[in-house]
């Protein structure tokens with residue numbers, strides 16, 4: 001019987017599988033690693049690309065009203081002042097006086113059951129003193145201090161005279177500062193959107209839970225500009241909530257493990273008129289997967305004020321307005337993490353226990369694997385290679401595997417989530433048909449070579 005997972009920490013199992021099978025590696029591992037950074041191995045990189053392709057298909061390729069942008073990672077420091085990040089993008093920090101490790105004061109208090117939503121920095125310090133709180137290592141803590149999440153960098157050739165800039169803390173502002181450029185170049189009619197995929201950086205105090213909270217990550221988002229009307233804002237907001245949830249479920253994630261949650265007033269970011277999260281039920285609780293925010297005209301108004309450049313949009317009637325913005329945005333790493341968590345299963349098939357990643361075939365990093373039944377039979381190997389090479393031209397995510405016996409190959413492909421395995425056997429030499437084995441059920445079917453590519457592609461298309 002299939003189970004979501006057997007006993008043991010599911011996150012530890014997933015991290016081990018990711019390392020073992022080449023999905024995700026610790027960043028700079030041979031030097032002891034750099035906390036909060038992860039490297040995507042061959043399979044992780046392919047899975048990443050498939051998720052991005054699916055995002056582009058939904059939010060860009062199938063629409064006429066969205067435009068793609070790829071903005072610079074380093075931006076003028078005034079961008080972050082205008083956006084409010086140099087003031088509002090901060091966290092309360094405490095430091096272990098012995099180990100000098102830093103921790104979020106609000107998180108430590110929440111772990112003690114304290115409601116921190118309305119506490120000032122001073123009140124947090126008093127509450128920690130009252131509770132005689134120590135660090136997770138049992139050492140004394142400093143008073144809470146404000147810590148900026150923006151990652152600083154310096155540009156310029158002369159040491160000591162470098163200009164301070166920031167690696168972007170979100171990709172949103174790259175779109176906002178280019179709003180006027182897109183309008184002037186393409187003259188789009190409202191409503192319209194600007195879409196972007198790109199890296200962002202945050203000086204997280206305590207990164208953790210694998211890919212969930214990291215210091216370098218990739219975001220996928222759409223900034224959708226609308227006329228500033230309450231009724232239109234509500235309609236567009238509900239529409240993009242629906243599109244976003246449908247997209248997340250389309251990753252193959254179980255509907256019962258996803259939910260909407262509205263931010264309370266004190267939780268909202270400084271720019272948000274309203275904010276909803278799509279949350280996923282992880283092994284460590286319900287956590288944010290995706291955000292849909294009503295940003296109002298905050299960004300355009302602030303950049304207009306700080307830059308002195310008009311950010312207004314001229315309507316057909318000649319009226320100049322500042323559009324409102326509906327944002328739908330999420331992290332690629334979280335989408336990959338939640339897709340893998342949801343796909344991970346342990347079950348038995350043919351009387352043998354196995355680990356299987358039940359990826360939706362269109363998302364799976366490897367779509368099909370081709371085997372010769374026996375690797376020591378030259379005629380089988382030659383035939384299998386010809387099948388593999390022909391299929392790879394049609395389906396690039398096709399893998400050759402002749403390592404070990406057929407049972408070990410099936411287990412290995414199950415563990416990396418390959419939906420279909422094709423075995424070339426002695427019957428293939430006689431009648432030009434192969435065995436196609438389906439991952440989840442283990443069911444096998446004979447398919448003629450002349451129909452093989454169409455058969456597999458149809459299975460993937462209708463998954």
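Scan 85, 117, 100 and give me the residue that is at pLDDT below 90 and surrounded by 15 or more Cβ atoms within 10 Å (Cβ to Cβ). Please lay out each step first, then the result.
On the way: 117 fails: surrounded by 15 or more Cβ atoms within 10 Å (Cβ to Cβ); 100 fails: surrounded by 15 or more Cβ atoms within 10 Å (Cβ to Cβ).
The unique qualifying residue is 85.
Condition first: touching a residue at least 40 places away in the same chain (Cβ under 8 Å) and either outside the structural domain of residue 243 (by TED's automatic domain parsing) or more than 22 Å from the chain's Cα centre (by Cα) (or both). Now tell me which residues in region 64-83 satisfy that.
Hits for region 64-83 are 65, 75, 76, 77, 78, 79, 80, 81, 82, 83.
Scan region 343-366 and give yes if some residue there is crowded, with 19+ Cβ neighbours inside 10 Å, in contact (Cβ under 8 Å) with a residue 24 or more places away in the chain and over 30 Å from residue 257 (Cβ atoms), otherwise no.
Scanning region 343-366, I find no residue that is crowded, with 19+ Cβ neighbours inside 10 Å, in contact (Cβ under 8 Å) with a residue 24 or more places away in the chain and over 30 Å from residue 257 (Cβ atoms), so the answer is no.
Is it the case, given these coordinates, that residue 91 is touching a strand residue (DSSP E or B) at 6+ places or on another chain (Cβ under 9 Å), in a strand (DSSP E or B) and within 30 Å of residue 38 (Cβ to Cβ)?
Values: touching a strand residue (DSSP E or B) at 6+ places or on another chain (Cβ under 9 Å): yes; in a strand (DSSP E or B): yes; within 30 Å of residue 38 (Cβ to Cβ): yes.
Yes, satisfied.
Among the residues of region 244-263, what is the count of those that are out of contact with any strand residue (DSSP E or B) (no Cβ under 8 Å at 6 or more places or on another chain) and outside any helix (DSSP H, G or I)?
4
Determine whether region 111-119 contains at least one residue that is farther than 19 Å from residue 206 by Cα and touching a residue at least 60 places away in the same chain (Cβ under 8 Å).
Yes; the residues of region 111-119 include at least one that is farther than 19 Å from residue 206 by Cα and touching a residue at least 60 places away in the same chain (Cβ under 8 Å).
Is it the case that some residue within region 151-163 is touching a strand residue (DSSP E or B) at 6+ places or on another chain (Cβ under 9 Å), surrounded by 19 or more Cβ atoms within 10 Å (Cβ to Cβ) and farther than 19 Å from residue 333 by Cβ?
There is no residue in region 151-163 that is touching a strand residue (DSSP E or B) at 6+ places or on another chain (Cβ under 9 Å), surrounded by 19 or more Cβ atoms within 10 Å (Cβ to Cβ) and farther than 19 Å from residue 333 by Cβ.
Would you mention how many residues in region 425-440 are outside any strand (DSSP E or B) and free of Cβ contacts under 8 Å to residues at least 40 places away in the same chain? Reasoning before the result, please.
Narrowing region 425-440 to residues outside any strand (DSSP E or B): 425-432, 439-440.
Next cut, free of Cβ contacts under 8 Å to residues at least 40 places away in the same chain only: 427, 430-432.
Count: 4.
The values are calculated or read from the model by the stated rules, or taken from the named source; none is laboratory data. All figures in this text were calculated on a predicted structure; none of them were measured in a lab. For neighbour counting, all protein chains shown are included, and Cβ atoms are generated from backbone atoms with ideal geometry for every residue, glycine included.
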